[in-house]
1. Consider Ala207 carefully, then state whether it is crowded, with 18+ Cβ neighbours inside 10 Å and outside any helix (DSSP H, G or I).
2. If you go through region 409-422 one residue at a time, do you hit one that is over 21 Å from Gln161 (Cβ atoms) and modelled with pLDDT of 95 or more?
3. What residue, among those in region 239-265 that are among the hydrophobic types (A, V, I, L, M, F, W, C) and more than 21 Å from Val183 (Cα to Cα), is surrounded by the fewest Cβ atoms within 10 Å (Cβ to Cβ)?
4. Quick one: which residue in Gly272, Gly268, Gly304 is at positive phi and either surrounded by fewer than 18 Cβ atoms within 10 Å (Cβ to Cβ) or not small (Gly, Ala, Ser) (or both)?
5. Please count how many residues of region 92-140 are in contact with a strand residue (DSSP E or B) (Cβ under 8 Å, 6 or more places away or on another chain), closer than 30 Å to Asn338 by Cβ and among the small types (Gly, Ala, Ser).
6. Specify the residue that is farthest from Asp261 (Cα to Cα); the eligible residues are those in region 368-387 that are surrounded by 16 or more Cβ atoms within 10 Å (Cβ to Cβ) and aliphatic (A, V, I, L, M).
7. Among the residues in region 338-346, are any surrounded by 13 or more Cβ atoms within 10 Å (Cβ to Cβ), closer than 30 Å to Ile359 by Cα, under 44 Å from the mean Cα position of the chain (by Cα) and of a type outside the set (Val, Ile, Thr)?
8. Cβ-Cβ under 8 Å, sequence separation 6+ or interchain: first residue in region 289-310 and touching a residue at least 60 places away in the same chain (Cβ under 8 Å), partner among the aromatic types (Phe, Trp, Tyr). Which pairs?
Amino acid sequence: MKLFRANSSFFLWGIALGGFILLAFPGTVPAEERPPLSLAEAIDTALRFNPNIHAARHQVEAAVAQTTQARSGLLPQVDISETYSKTNSPLWAFGTRLNQGVITTEDFSPDRLNDPDAIDNFKTALTLTWPLFDGGKTLTGWRQAERNQEAGRLALQRNEQMVIAQTASTYAACLLAVENRNVVTQALETARAHLKVVQDRQRSGLAVKSDELRAQVRIADLEQQQLQAESQMQVALAMLGATMGRPEAVPAANGLETVLDDTVTPQGDLDGWVDQALAHRPDLKQLKIQEEIAQAEVYRARSGHYPSLSLQGNYEINTEQFEETQDNYSVGAVVQLNLFSGQRISGQSAEAKALLSRIRAMREALALGVRVDAQQAYHRTQSAWQSIEVARRAVAQSEEGLRIVADRYENGLLALVSLLDAQVAHQQAQTQHFKALHDYTVARVALSLASGEIDKNFH
């Protein structure tokens with residue numbers, strides 16, 4: 001009885017531990033048991049877990065911290081320090097006793113002045129430095145940091161758009177792989193059904209053995225295609241998991257809820273899409289901000305020719321053994337003007353101007369590229385949309401053709417090769433139809449990405 005109780009307790013603990021592992025590590029759940037996944041859910045998961053998004057967000061955090069650092073240059077800097085020294089240098093020993101407030105008449109003895117005893121000193125100092133004016137260098141740097149922060153947010157927005165597009169395209173690739181596998185499976189079932197017809201005709205003496213062999217070769221070829229289609233489908237699902245940043249969230253192929261369809265018609269004209277891209281692309285806006293930062297850097301480099309003014313203050317306490325202390329303070333202002341820098345400041349100005357010209361050229365090049373991206377994506381979308389209707393008609397025609405050829409073959413009016421050709425034509429038409437749907441989805445994704453208006457609600 002005790003052994004039974006012990007085994008029962010161990011069994012219950014094993015079940016509890018197994019349940020905890022399944023909850024803590026979803027990747028251990030078989031793909032067939034994972035919840036269904038829609039395109040919207042896949043995009044939402046990618047926006048939360050994709051490593052590229054995390055990197056861009058950390059970059060924004062760094063830009064915020066850089067803004068804080070730049071702003072600190074406008075504020076007073078206060079430091080406190082504790083210094084210990086021991087010296088028998090005549091000059092420093094006398095000055096240390098003076099700072100400690102322990103000078104006596106005996107300290108003016110020539111022998112003691114020339115050969116003092118070593119003296120200890122603990123100096124506690126509170127120092128204030130406040131740059132009041134530096135030609136606008138610090139203020140400009142703060143404004144540059146703020147603009148760079150905005151540029152970082154635009155970079156994050158573009159990264160999010162690219163991840164959305166990548167997720168949508170990869171999801172569509174998974175759907176295409178699933179449909180291709182289904183087409184091959186359906187073709188295999190049809191081929192096996194036709195094999196039975198061939199065998200029945202052979203038993204009746206209406207077909208030769210070579211017809212049966214040809215039908216079996218066709219089935220073997222489709223079985224090979226089915227293996228390849230299954231492999232391609234698994235690879236596509238793995239790519240979707242990598243894009244989402246959560247491979248364990250990808251269900252089995254039949255768990256993909258969103259389907260390839262042609263219900264969303266193309267909207268807008270070419271000029272409208274191009275204008276939208278030029279006005280809304282985050283990367284183009286980002287380069288515009290970088291150009292503004294570079295323009296400010298030119299002014300910042302020139303500020304080296306201007307004078308600077310700083311306020312300085314110091315309060316210190318000196319003591320030898322912390323029994324008696326002596327404090328003092330000093331307050332002053334420093335004006336500094338560079339008279340000659342060995343052309344360092346001129347070189348910095350020339351560098352800033354060159355970088356400004358470079359960024360302007362990059363922005364112009366990107367604007368041209370954005371225009372081409374929008375045009376290319378628009379034309380591909382229009383072409384893919386038109387291909388869907390052509391592919392749909394081809395499927396209907398091939399299906400009807402296969403039916404007619406199968407009937408005529410059963411009646412002995414056509415050779416087997418005609419039936420096999422009709423099977424291949426129907427399979428190819430179905431494959432092309434799903435490919436057209438896939439290409440249209442991917443083209444719409446590319447057009448939305450090129451316009452800079454894609455968001456997580458893309459469908």
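1. Values: crowded, with 18+ Cβ neighbours inside 10 Å: yes; outside any helix (DSSP H, G or I): yes.
The answer is yes for Ala207.
2. First, pick out the residues of region 409-422 that are over 21 Å from Gln161 (Cβ atoms): 409-422.
Still in the list and also modelled with pLDDT of 95 or more: none.
Looking through region 409-422, none of the residues is over 21 Å from Gln161 (Cβ atoms) and modelled with pLDDT of 95 or more.
3. From region 239-265, those among the hydrophobic types (A, V, I, L, M, F, W, C) are 239-240, 242, 244, 249-250, 252-253, 256, 259-260, 264; that's our starting set.
Applying the additional criterion that residues be more than 21 Å from Val183 (Cα to Cα) yields 239-240, 242, 244, 249-250, 264.
Numbers: Met239: 19, Leu240: 26, Ala242: 16, Met244: 27, Ala249: 20, Val250: 26, Val264: 11.
Applying the filter and picking the extreme gives Val264.
4. Numbers: Gly272 fails: at positive phi; Gly304 fails: at positive phi.
Result of the check over Gly272, Gly268, Gly304: Gly268.
5. The number of residues fulfilling the criteria is 2.
6. Only one residue fits best here, namely Val370.
7. Yes, there is a match, as at least one residue in region 338-346 is surrounded by 13 or more Cβ atoms within 10 Å (Cβ to Cβ), closer than 30 Å to Ile359 by Cα, under 44 Å from the mean Cα position of the chain (by Cα) and of a type outside the set (Val, Ile, Thr).
8. Listed by first residue and then by second, the contacts come to Pro307/Phe133; Ser308/Phe133; Leu309/Phe133; Ser310/Trp130.
The values are calculated or read from the model by the stated rules, or taken from the named source; none is laboratory data. Every value quoted in this text rests on a predicted model; they were computed, and no experiment measured them. With ideal geometry, Cβ positions are generated from the backbone for all residues, glycine too; neighbour counts draw on all protein chains shown.
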